[in-house]
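Structure record follows, encoded as structure tokens.
The values are calculated or read from the model by the stated rules, or taken from the named source; none is laboratory data. From a predicted model like this one, the values you see are computed outputs, not experimental measurements. With ideal geometry, Cβ positions are generated from the backbone for all residues, glycine too; neighbour counts draw on all protein chains shown. For the accessible areas, the whole protein counts, side chains as well, though only heavy atoms, and no ligand, DNA or RNA atoms are used. Shrake-Rupley method; radii C 1.70, N 1.55, O 1.52, S 1.80 Å.
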Amino acid sequence: MKKAGTLMQGVLAFAMATILLGTSNGTTVQARTTNVLNSSDVGIGNLLNPTEVAEISDEEVAKAHDFAQDINDKARDEDDEDIDEDDIDEDESSNLVMANVSQVMNIRISPDDNSEKVGVLYKDCGGKIIEQKDGWTKLQSGDVVGWAKDDYLLFDDEAIDLASEVGVQLVSSKSEALRIRAEASEDADVLGVITKDGFVDMVEDLGNGWIQVDYNDETGYVQADYVDTDFRIDEGETVAAIEAREAEEAKRKAEEEAKAAKAKLTQNTGAVAATTDEARLLAALIYCEAGNQSYEGKVAVGAVVMNRVKSSAYAGTISGVIYASGQFTPALNGSVDRVYAGNIPDSCIQAANAALAGETTCGTALHFRRAGGHDGQVIGAHVFW
């Protein structure tokens, strides 16, 4: 059976059972102990990643024999019948509805253009018909339940044709772990494993007991006896889900912007050569202005001085900036000189050397003062701008 036939089979079965109905595969074959694994035998670590190839010893494979045989016995007891389009009557197939829009359409709480919007259907989304009246259709698509204008919907054969074109046939494992082979043979290399909760896209049911699947963009093969197939189409999205998604996106964007802003605030501004005396003078000012602040706050004060040294608006030397009229009170009242002549804490000397090396915790700020009286970046008791 080719892919198109499989998709049509899935769509028709889908229409019968309202939406998203899984259809069982066709052919029953002899059980093979080399393809089905038991989680209790292989260990949970091998089942966490469906794209990971599980390494299974011959002893572990032998232990799985009884498990595989049980599955095969159950499969033999089931009648195997293909779904034929002729077996589906018009009433059953007409239950399917598909969106007929280029981008998105609104779903409303009642059949009225002015009623509250409860969700949307995007291009190629589908659902099941609940009720129809006055050019409107009440439908369900995933979690969305509401009314849509018939002008933007497809019904009957048109809906089935579109669903068969845009839908996908998924293959999931009946067992805890199923090997995906590189060829339709039990002796072929193993590409990976489908776990109990994992699934892959179906390419084609070969009709000989093997199903061709798409596994991480590689063509693989699984035994039809050990899988379930499920035809699916895209579903709508509720207003609540949209708002939650947008809030999460806004949060992530804000976090990224904050991260970028922080990176900018700590981007090295370039080192400045200084003598030992100049470095000590800078450390003394840092102690006077931020001796009781965190190391981040100390570096910020040193960075302000260095930013001024690099700016054409201020003196081009460390001493010229520190002793400029009306700027740093500790320098003007003699506190800096007294500290310079005494003992300067190591943390202040370290912060001064960091600022001289171009490090900054306040970006290119040229000013700071006690926090609370100016907008800017607050670090401890100071605000920088």
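Model label sites at GLU248 and ALA371, defined 7 Å from Cα along the beta-carbon direction, differ in position by 3.3 nm. Estimate the FRET efficiency between THR219 and LYS149 by the formula 1/(1 + (r/R0)^6), using the beta-carbon distance for r and 51 Å for R0, to the nearest 0.05. E(calc), rounded to 0.05, equals 0.75.
Counted residue by residue at 0.36 nm each, then reduced by the alpha carbon distance between them, the extension gain from ALA381 to THR364 reaches 4.2 nm.
Shape of the stretch 278-385 from the C-alpha gyration tensor: rounded (a/c under 1.5, with a ≥ b ≥ c the square roots of its eigenvalues). Between ASN114 and ALA188, residue separation times 0.36 nm minus the direct Cα-Cα distance comes to 20.6 nm. Accessible surface of LYS123, taken over heavy atoms with a 1.4 Å probe and every protein chain present, rounds to 110 Å².
Accessible-area rank, largest first, for TYR215, TYR152, TYR221: TYR152, TYR221, TYR215, with all protein chains present and a 1.4 angstrom probe.
Only protein heavy atoms count here; on that basis, with a 1.4 Å probe, LYS253 has an accessible area of about 120 Å².
Rolling a 1.4 Å probe over the protein chains gives ARG369 an accessible area of about 120 Å². For VAL101, nonlocal amide neighbours, meaning residues 5 or more places apart or on other chains whose placed amide H falls under 5 Å from its own, are ASP124. Note on the stretch 177-331: dipole from Cβ charges, positive end direction compared against GLN293, VAL213, GLY316; the farthest Cα belongs to GLY316.
Here the spin labels are modelled as points 7 Å beyond Cα on the Cα-Cβ line, and at GLU256 and LYS128 they lie 3.9 nm apart. Computed about its Cα centre, the charge dipole of the stretch 133-289 is approximately 1160 debye, with only Lys, Arg, Asp and Glu carrying charge at their Cβ. Amide H contacts for ILE107 (H built 1.01 Å from N in the peptide plane; partners 5 or more residues away or on another chain; cut-off under 5 Å): VAL118, GLY119, VAL120, LEU121.
Subtracting the Cα-Cα distance of THR266 and LEU206 from their residue separation scaled by 0.36 nm leaves 15.6 nm. For LEU366, nonlocal amide neighbours, meaning residues 5 or more places apart or on other chains whose placed amide H falls under 5 Å from its own, are TRP385.
Placing a pseudo-label 7 Å from each Cα along the Cα-to-Cβ vector at SER294 and THR329 gives an inter-label distance of 2.4 nm.
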